[in-house]
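For reference, the structure discussed in these notes is given below.
The values are calculated or read from the model by the stated rules, or taken from the named source; none is laboratory data. This structure is a prediction, so every number in the text was calculated from the model and none was measured. With ideal geometry, Cβ positions are generated from the backbone for all residues, glycine too; neighbour counts draw on all protein chains shown. Protein only, heavy atoms only, side chains kept; ligands, DNA and RNA dropped before computing areas. Shrake-Rupley method; radii C 1.70, N 1.55, O 1.52, S 1.80 Å.
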Amino acid sequence: MTALSFFGCALTAFGPSLSFFIIFIARDPIRVIILIASGFFWLVSLLISSGLWRAFIPLQDKLAFGLAVSVVLQELFRFGFYLTMRKAEAGLQMVSHDEMYKDHNIAKARHTLALVSGFGYGLIGGAFTLVNVLADTLGPGTLGLITDNDHYFFFTSAYLTLCFVFLHTFWSVIFFYACDAKKYYLIAAVVLSHLAASSVTLLNSQKLYAASLGTTTVMLIASAIMAFVICNGSLRNWRTALRLKSSPRPLAHVVEDSSIQQINTLST
Amino acid sequence: MNGQDNTYPDTIVVLNQSNVPRTVVRAMNPTESNINVDHSVQPHRSRRSRADATNSPPDPDNESREARRAARRAQTEAERTAAAAAAEEEEEEEEMKYGAEHVIKLFVPVAICMLVVVSVITSIEFYTERAGYLIYTPFHETSTDTGTKIWNSLANAGIMISVVIVMTVLLITLYKYRCYKFIQGWLIFSSLTLLFMFSFIFLGEVLRTYNIPIDQITVAILIWNFGCVGMVCIHWSGPLFLQQAYLIAVSALMALTFIKYLPDWTTWAVLVAISVWDLIAVLCPYGPLRILVETAQERNEPIFPGLIYTSSVIYAYTILLSDNPELRNSPAGPASITARPHAGADIERHTTNGEAAEVVASTTVATTVTRGALAAGSGGRAENAPAGPRRVPAPRPPVDPDLEEEERGIKLGLGDFIFYSILVGKASSYGDWTTTLACFIAILIGLCLTLLLLAMYRKALPALPISIIFGVVFYFSTSNFVTPFLEALSSQQIFL
């Protein structure tokens, strides 16, 4: 049972991420580096926020405070990472004009960069929140998955991790685009929805799983659609992408080219 | 536990500069090309010429220096700087291009090594339970008093570092005076211990943990095969993949031993001390490891094969083969890269041999006059050579008479592997996965930054300081701040 619950939870939380990593990230070294770098940024933001949480001793019982601080810091670091990436763009351009990576050139494709860094952000975040829980599923004396009807603790944790990994990914796409296009209301929307999504999970301790899981899922779908539209996605090129399934170019590239033009026109 | 194990250079990162742009070289006559090549590579040239060790005229160093000087006089200063600037620019570009690839090629083995250590530490109890100490750590931190503990750990670390310093200096002195036989013996002895004894202990503990019975004959056969193949791969020749695997295994075994036998706080003190020592040894004008690297470059020799992990990677090698069907189909092509025919007239033979000459020419733009002729002679072939990745696997011992080989790619001392793994392993031995993960990421980012600095400064850099300092900082801050915070969050299922 322990092994089953471990693998079940691990694959629920990180299965999609794993396949995303293998298909989209692993084949380009630059993407792997960006992934780890953005994970590092997330880690630093977590470090600072937990330091603040520890420093304000009277507020230590109120996790909502720590949560709010952490969300704000995470968004600040997301912006920091955005700035870093823009600074590094010249270097990236030089790095990636290798023929091997021509058809998925990360410096050209700003959305790809946003996608990869957001994924790194979410992945490391998810890993940190879930890794000790996962280790507990293996440990001696673990509560069952199904038998204990009130506590779908492990499974809900895993599912929420899955949601948050991809929420971060989409948030980054929206955020980076908003910064590029100077659409400040979108930045505000990202920060607020992050705050909302995190706050909703406060309900978990009252066992209101339906509320938190439902809201998170809805937010995930909404932000996915929003990110897709921002990348100039539409029903039409969605269909094209499906038809081109056999071609090695993944969906993001079908979308990329026109969206770059869009950004260029916006910035001029 | 032998003293010699401490002398793994914990430091050497050498970025190879050998991807000298061929266009520049080709534009000039052989003599000039020598100078330009030399100029752009000189400060930290890392071209390997195995042939030098045995085949070349008595003193290759002197001769090449003479030649260089003469040629340099012949060329006007202006020409030289212009060409050098162009060469440098192009070189830089090419380096950047493969920079990311190289980073990953070091990330993967470092990550594998750390993962192996972490998984062993968490699954096999033997390596976390206290059972004796090294002789270098006479103070055992048994007292409960914090002051005494700190004092103990600092004293232990001081002794360990002194041993490391003495051993390093000894090694460098031996190298300086060309006592190759002695160094070889030393390295062979220590890898012999690691491969046979430590792997035997490791196997025993694995079997004990999983309660698997096995007979002695099987164990003897297993260990014998493992050890012998390892010795052959590390010290003589073997597939690059196997060699890399063995180097990782050796580092992991070493790290596990350190984790087991070093007292708790001493480990942290040693980690900090060794990274400071690393900084000094590599960057100070008379730092021993700097002298080692410089001497090796001066002599055009590889640094001891048992101590360095090279990223001149197998993948790149396969890319090379698949990119160039002509090369793949020709038996001579691959042969000239991997096979090591007996030396002697090898170079001449290869010049007459189309594909092989191409490989030789494009990988080595000669440093001496004799070889300048070769470069010029096969320049035509080199022109067609794709600028794609061209790496030649594996350093061989200097005694191996072989054709010249180039190594692009980054080299990382095994010591770096060992100490990274010690840090992560130690973090995981307390049973908290967030700290382990934080240290893991911190070390990789530190390595990334080191490589970035390497691309900027283009000389041997210590690989420990940034990573270890990051790792230590993240270890302590994570275990003190982040873990309680995350535990509070995850017990209430709050997500950030």
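Per-structure values
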| item | result |
| --- | --- |
| Residue-averaged beta-carbon neighbours from other chains (10 angstrom radius) around B:444-450 | 3 |
| Segment A:2-231, accessible surface, carbon-and-sulfur percent (1.4 angstrom probe) | 75 |
| Estimated FRET transfer efficiency (residue A:3, residue A:218; beta-carbon r; R0 35 Å; 0.05) | 0.60 |
| Pairwise centroid distance, computed over Cα atoms, of segment A:1-60 with segment B:222-286, Å | 29 |
| Accessible area buried at the B-A interface, both sides summed, 1.4 Å probe (Å², nearest 100) | 4000 |
| Residues in segment B:467-489 that, when all protein chains are in place, have 40 Å² or more less accessible area than the chain alone would give (probe 1.4 Å) | B:474, B:481, B:482, B:485, B:486 |
| Nitroxide proxy distance, nm - points 7 Å out along Cα→Cβ at residue B:217 and residue B:241 | 3.2 |
| Computed P(r) (all Cα pairs; segment A:2-231; 5 Å bins; percent) | 1, 7, 13, 17, 19, 17, 12, 7, 4, 2, 1, 0 |
| Residue B:308 long-range amide H proximity, modeled H, under 5 Å | B:414 |
| Segment B:91-224 - percent of accessible surface contributed by carbon and sulfur, probe 1.4 Å | 70 |
| Whole-Hz couplings from phi, Karplus 6.51/-1.76/1.60, listed for segment B:148-164; x for Gly and Pro | 4, 4, 4, 4, 4, 5, 5, 4, 4, 4, x, 5, 4, 5, 4, 4, 4 |
| Reduction of at least 50 Å² in accessible surface, 1.4 Å probe, comparing all protein chains with the chain by itself, residues of segment B:99-144 | B:100, B:104 |
| Averaged over B:431-438, number of beta-carbon atoms from partner chains that fall within 10 Å | 5 |
| Computed E for residue A:234/residue A:208 - FRET, C-beta separation, R0 35 angstrom, nearest 0.05 | 0.45 |
| List A:61, A:136, ordered by accessible area with a 1.4 Å probe, largest first | A:61, A:136 |
| Which listed pairs, of A:87/A:183; B:181/B:260; A:87/A:182; A:62/A:87; A:87/B:459; B:149/B:260, have C-alpha distances above 28 Å, in listed order | B:181/B:260; A:62/A:87 |
| Burial ranking of peptide ranges B:179-192, B:438-451 (average Cβ count within 10 Å, highest at the top) | B:438-451, B:179-192 |
| Accessible area per residue in Å² at 1.4 Å probe, computed on segment A:1-41 | 42 |
